[in-house]
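Notes follow once the structure below has been shown.
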Amino acid sequence: MNASRIALVTGANQGLGRALVEGLAARMHAGDLVLLTGRSHQRVTDAAREVTQLPGTRARVEGRVLDVTDTEAIARLAEDLRARHGGVDVVISNAIARLLPEESQAERADEFIDVSNTATHAILRSFGPVLRPGGRLLVVASSLGTLGHLDPRLHHLFDGASLDQVEYAVESWRRAIHNRTAAEAGWPIWLNVPSKVAQVAAVRALAAERREHDLATGTLIAAVCPGMVDTATSRPWFSDYSHAQSPARAARAVLDLIFADHADPALYGELVRFGKALPWYDGTPPVEQDRMLTP
């Protein structure tokens with residue numbers, strides 16, 4: 001990357017988000033700026049200071065308070081970066097609501113959807129227009145984000161959908177949860193499945209609008225799957241962590257995608273895992289017990 005680049009990571013106080021900030025700060029240059037964002041002022045401040053003090057950090061690291069459930073705050077931050085810096089070069093949407101196995105999925109649905117989906121839509125809408133040529137706009141999803149993981153009755157809601165249509169589908173899912181009609185409509189109990197599919201569908205929707213221009217300027221929009229990561233959010237769901245990656249290791253493939261010399265057209269608008277696109281139509285709706293144990 002050239003000097004004076006701007007990068008932003010959401011959900012960056014800890015875990016994968018923190019590792020991504022550390023990697024960006026190490027790989028970018030002294031004139032560049034990495035914004036570490038989160039909801040807690042103290043945690044954001046502490047994390048930014050700690051990253052700044054790490055050996056190998058080259059770029060400037062600043063903490064910014066950002067509650068991703070506040071869509072107006074997302075829009076204001078994007079406009080501020082446009083006004084101050086002429087745009088942004090790297091945006092990684094990484095925030096997720098922590099959910100424990102013993103908690104009711106339905107009772108936590110609003111918070112989970114707001115953080116994972118409504119925020120993703122707002123980031124795509126607000127930061128897409130201020131992404132500078134050659135930039136990277138990535139949404140952290142998972143391998144559950146391929147369409148085949150949903151009941152076939154729901155495929156039409158996301159396949160080839162516009163961003164408006166994806167938003168409508170997500171809100172329809174939310175209403176079905178509240179009305180207790182989700183199961184009969186085919187929605188799985190575990191929130192992570194439709195949430196991840198919707199995230200990838202939203203990325204695909206924006207990418208479809210921008211593909212020709214972005215590929216001509218070396219710009220990449222994609223969803224990314226980091227694989228199983230040992231974090232406080234994921235640890236309660238698994239009994240065997242022998243194959244889990246540390247956040248730092250999981251961040252490497254994402255960072256390699258960001259710092260690649262060229263944007264690979266085969267990855268544009270896709271769900272990317274370890275440098276390869278996962279087929280959109282792959283996946284099989286698992287039985288509910290399997291859903292609760294799949295990374």
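Quick notes on this structure:
- The length gained by stretching the chain between Glu103 and His156 to full extension, at 0.36 nm per residue less their Cα-Cα distance, is 16.1 nm.
- Difference of contour (0.36 nm per residue) and Cα-Cα distance, Glu111 to His262: 50.7 nm
- Sequence-distant contacts, meaning Cα pairs under 8 Å at least 6 residues apart, place the relative contact order of the chain at 19 percent.
- Between helix 247-259 and the chain there is an angle of about 70 degrees, using the helix long axis and the longest principal axis of the Cα atoms.
- FRET efficiency for Ala26 and Glu184, using Cβ-Cβ distance with R0 set to 45 Å, rounded to 0.05: 0.35
- On Cα atoms only, tilt of 41-52 relative to the major axis of the chain in degrees: 50
- For the range 6-291, the alpha-carbon radius of gyration amounts to 0.95 times the rule-of-thumb value 2.2 N^0.38 Å expected for a compact globular protein.
- Difference of contour (0.36 nm per residue) and Cα-Cα distance, Arg76 to His41: 10.8 nm
- The label point for Ala83 and the one for Glu171, both projected 7 Å from the Cα toward the Cβ, are 2.8 nm apart.
- Summing Lys and Arg as +1 and Asp and Glu as -1 over all other residues whose Cβ lies under 9 Å from the Cβ of Ala30 gives a net charge of +1.
- Listed peptides 103-109, 274-280, 16-22 appear in the order 16-22, 274-280, 103-109 once ranked by packing, highest mean of other Cβ atoms within 10 Å at the front.
- Beta-bridge orientation, the chain: approximately 10 percent antiparallel, per DSSP, counting only bridges with both partners inside.
A short reminder: the numbers here are calculations on the coordinates, not readings from a lab. The structure presented is a predicted model; accordingly, all values stated were derived computationally and were not measured. Glycine gets a Cβ as well: all are built from the backbone with ideal geometry, and neighbour counts include every protein chain shown.
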